[in-house]
Each structure stands twice: as C-alpha cells, then as structure tokens.
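Novice: Have a look at the structure that comes next, please.
The values are calculated or read from the model by the stated rules, or taken from the named source; none is laboratory data. Just so you know, these numbers come straight off a predicted model, no measurement behind them. Virtual Cβ from ideal backbone geometry, glycine too; neighbours counted across all protein chains shown. When the accessible area is computed, the model is the full protein with side chains, heavy atoms only, and any ligands, DNA or RNA have been set aside. Shrake-Rupley method; radii C 1.70, N 1.55, O 1.52, S 1.80 Å.
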Amino acid sequence: MKNYLKNQIIYQVYVRNFTKEGTFNALKAKLDHIKALKTDIVYLLPVSPIGEINRKGDLGSPYSIKDYTKINPELGTLEDFKDLISETHKKGMKIMIDIVYNHTSCDSWIKENHPEWMFHKDGKITGKVPVWSDVYDLDYSHPELIKYLVDVIEYYCSLGVDGFRFDVASLITKEFFIALRKMLDEKYPETILLAESVHPGFVDSLRSQNYNALSDSELYQYAFDLLYPYNSYENLRNYLDTKDVRWLDYYKFSVLLEDSMTQDFALRIRGYENHDQKRFYEFTHDFTLMRNLAALAPFMKGPLFIYNGLETTADHMNSLFTKDVMSWDIDKDWYDFILKLSEYKKDEKNLELNTTSILLTKGENVALKNTYKDESYSYGLFSLTGKEELIEDEALVDGEYVDYLTNKTYLVKDHKIKVKEPLYLFKK
C-alpha cells in the first residue's frame, strides 16, 4: 500500500482542450498554475495517435488509439513529451498517463499487424459495447498480446512516466494485470496504478453476456493502488439528475458498501468531475450547492482528484471528439475555495486517517465521520439542496467544533446541527 497517496492531489489534464494550442508545450507554460493547487500528480488523457476509421467528430476520441508506442502529432513530438515529463518533475510533481487496453481504434497497428489479437465474434473483428463504435476490443487469450502490452508500459516507464490510469480497467483480464505487476515490482516498484473501475450496472451487463468483468476487490488484489468511486457515484448522479431523494439514500448506503466490501488498505480517488461526467455547474447552477458537492469528496479517505476546469467553474463537460477549450475565467472566491480544499487534503492528519464512515441521516444531506489512528474524529457535513438542512444523528457527539474551511466555531447540541455551507468539523 502506498499510504502517502492518502493526502495527494491528482490533477487531470485534457491536453487538446486545456489550452488554445492544445499541445504539450502550451501545457508546460501552465504547470505553475497546476502546482499552485498543491498538485502532486499531473494526469494526462491518452497521448497516442487517434484512429481515423469510424472516427467520432472531426478530431476523434483520444480513447480510440491507433498506436500505443507513438505520440499524437497534434499534441507535439516525442521530445516535447519528454520535455514535459522533465519540467513536471522539476516542479516536484509526478506524471501519469491514460492507458487504453480494452480496445484499439478500428485501424490500429495491432489490428493491421496482429489481427489474431483482436476480439472476434461470428468470425468478425468487433467490440463488446456497441455505443463505442469507433473501437474494436482486444482478445487477452493471447500471451503474446499480454507481453506486448506490458512492454509498452515498460517503455513509458523508461521515459520517466510515474503512473498509469487504466481506462475501463474492469474489462481487462487478471492475467494481464498479474504480468504487469510482476514487471513493475521488479523494475519500477514506485509506479502508481489507477483503475477506472466501472459502475455495477456495467459489470452486471457484461457478465450477463459471458464477458470478463473484474470486481473492485480483484483489481486491488492483482495490481492497483487506486480505484474510481463509481459504485456509489452512480446513485449520487441519479439524485442530482432527478432530485429523487431515494437515490440519495441509495448513495449513502452504497458509500458504506463501497468501503466495507473491499480491503481496509484500499484507496479511491476523491472527486466527481472528470472527462466522462457532468460538471457540478450542469447539475446545480447554484454556487452554494456546488461548494457542498465540491467539498464532499475531498473529506473522504483517498487522494483528491481535480479535473481541469473545476477551479475555474467550468460550465460543461468538454467534448471528447472536437476542439472545446476550457474556460480560463477565474472567479477568485471559487478558486480560493478549491485551493482551501486542496490545502485540507495536504494536511498530514489525512495520512493518519483510518476510515471514512457515512451516517444514514434523513433528508437531502450527507454526513461523514472520519476516524484517525489516534482515535480522534472529525465530521464532514453537506447540504445537497444549497439551503439550510437539519442534520440529526446519534453518532454526532455534542460539543463545540471548529470548521477547518472557515475557522468558525459550531455547536452540536442534542446530536443536531443546521448546515448550509459545507463544514469540516474538528473537536475544539
């Protein structure tokens, strides 16, 4: 277990849409902005060339990869990429890249040179998920494919890449992850592995068709340091879309299950905006509610995950298929709030965080309790209406508390407290 990850910050960059130029060199000029948010790890969407056959949009999805070993010329050259790695390291940050090993583009190097490594159905190369019409899946029954893909990871490690985020990791086989972990443990043991563990409905759908879909516990067991929080987030997103409080109740219970049904050392990234999910603004159009949503995830055990644009109140999910540059209009109050969340996550007390438990309170609120190795505790309290909410639970211990975010004093009396703005309460 890489315990230090508990208080780390991962900043996700969509290179194409991060700047007007959309290049590695333009990103280099923004590294100080990223560093100012207390970032430890800069995570880039895929950097490889994009396929042309069945391409979506005019530029195509970066997740439709033509050649794993090459750099997308739209982003820059291999030397530009190596310079970005070097500059990121000089600023005291690590670099992580997206790896897409469930599928390739329809005109990939693998398809053209090793069609036997592609997934076949009824004698034809195809994919398992029809909506992903710009890609074909890989067939992991071939040991030669596994060796090739492990060698690709070793190559990027040799360039100085510090970590990898695996796209739809749940759909890749355990045999690959076992081989990958063996290579990394022998040659690059400090490499960080983040799995996009998919939501339960997706796992169930694939298994019902007799396809491979690994559980979260298996992903931790075979390879990964970090997983996504999609088991629970699916319910929170449904609540935000429908305002049906039943989904919020499901969310609370699923957070409880998410952690209790995996190993006690297991860590998940803590952040809900990313390139696949709606922005907070799209759900709310309300800054009080946005502050509560933004503050909810960082209070939990695990590294804070910031998708580029969170700090600038980006108002929509950037397109994967065309140029869609994120807004650089910064609201100082909002930026300062996000910075405060980063500062909280960097607090060394989070290294001693033992567990985050959720209180099954009534109403449109979320109440979390953090317990630490010295047996101290803190509460995270959040209104999901953007209005004042009464939070009541026997687990709320009466007394005076100081809010980390504002340094104001709050009173819990008769196991109750009213909350409008997000609170990180520590015993006074």
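Novice: How many of the residues making up the range 370-404 are assigned to a loop (DSSP other than H, G, I, E, B) and either without any contact (Cβ under 8 Å) to a residue 12 or more places away in the chain or open to solvent by 30 Å² or more (accessible area, probe 1.4 Å) (or both)?
Specialist: 13
Novice: Can you give me the number of residues within the range 178-206 that are assigned to a helix (DSSP H, G or I) and modelled with pLDDT of 95 or more?
Specialist: Going through the range 178-206, the residues assigned to a helix (DSSP H, G or I) turn out to be 178-187, 200-206.
Filter again for modelled with pLDDT of 95 or more, leaving 178-187.
So the answer is 10.
Novice: Is there a residue in the range 171-181 that is touching a Ser or Thr at 6+ places or on another chain (Cβ under 7 Å), touching a residue at least 12 places away in the same chain (Cβ under 8 Å) and not basic (K, R)?
Specialist: There is no residue in the range 171-181 that is touching a Ser or Thr at 6+ places or on another chain (Cβ under 7 Å), touching a residue at least 12 places away in the same chain (Cβ under 8 Å) and not basic (K, R).
Novice: L5 - would you say it is open to solvent by less than 10 Å² (accessible area, probe 1.4 Å), at pLDDT 95 or above and among the hydrophobic types (A, V, I, L, M, F, W, C)?
Specialist: Values: open to solvent by less than 10 Å² (accessible area, probe 1.4 Å): yes; at pLDDT 95 or above: yes; among the hydrophobic types (A, V, I, L, M, F, W, C): yes.
Here the answer is yes, as L5 does meet what is asked.
Novice: Which pairs turn up if I take residues in the range 313-341 that are without any contact (Cβ under 8 Å) to a residue 40 or more places away in the chain and outside any loop (DSSP other than H, G, I, E, B) and look for partners that are open to solvent by 50 Å² or more (accessible area, probe 1.4 Å) and of a type outside the set (S, T, N, Q) with beta carbon separation below 9 Å, at least 6 apart in sequence or on another chain?
Specialist: D333/F287
Novice: Using the structure shown, decide if Y211 is in contact with a helix residue (DSSP H, G or I) (Cβ under 9 Å, 6 or more places away or on another chain), at pLDDT 95 or above and either open to solvent by 50 Å² or more (accessible area, probe 1.4 Å) or not hydrophobic (A, V, I, L, M, F, W, C) (or both).
Specialist: Taking the combined requirement at face value, the residue does not satisfy it.
Novice: Another question about this same structure. If you take the residues in the range 49-83 that are within 20 Å of the chain's Cα centre (by Cα) and polar (S, T, N, Q), which one is nearest to Y335 (Cα to Cα)?
Specialist: The selected residue is S61.
Novice: Tell me which residues, restricted to the range 16-37, are open to solvent by 10 Å² or more (accessible area, probe 1.4 Å) and outside any loop (DSSP other than H, G, I, E, B).
Specialist: Those that are open to solvent by 10 Å² or more (accessible area, probe 1.4 Å) and outside any loop (DSSP other than H, G, I, E, B): R16, N25, A26, K28, D32, H33, K35, A36.
Novice: Is the range 340-354 home to any residue that is under 20 Å from F283 (Cβ atoms) and crowded, with 18+ Cβ neighbours inside 10 Å?
Specialist: First, the residues of the range 340-354 that are under 20 Å from F283 (Cβ atoms): 341.
Those still in the list that are crowded, with 18+ Cβ neighbours inside 10 Å too: 341.
Checked against the condition, which is being under 20 Å from F283 (Cβ atoms) and crowded, with 18+ Cβ neighbours inside 10 Å, the range 340-354 yields at least one hit.
Novice: With the structure loaded, tell me whether L84 is open to solvent by 40 Å² or more (accessible area, probe 1.4 Å) and out of contact with any His (no Cβ under 7 Å at 6 or more places or on another chain) or whether it fails that test.
Specialist: no
Novice: State all residues of the range 259-269 that are free of Cβ contacts under 8 Å to residues at least 60 places away in the same chain and either assigned to a loop (DSSP other than H, G, I, E, B) or surrounded by fewer than 21 Cβ atoms within 10 Å (Cβ to Cβ) (or both); if no residue qualifies, say none.
Specialist: Within the range 259-269, S260, M261, T262, Q263, A266 meet the criteria.
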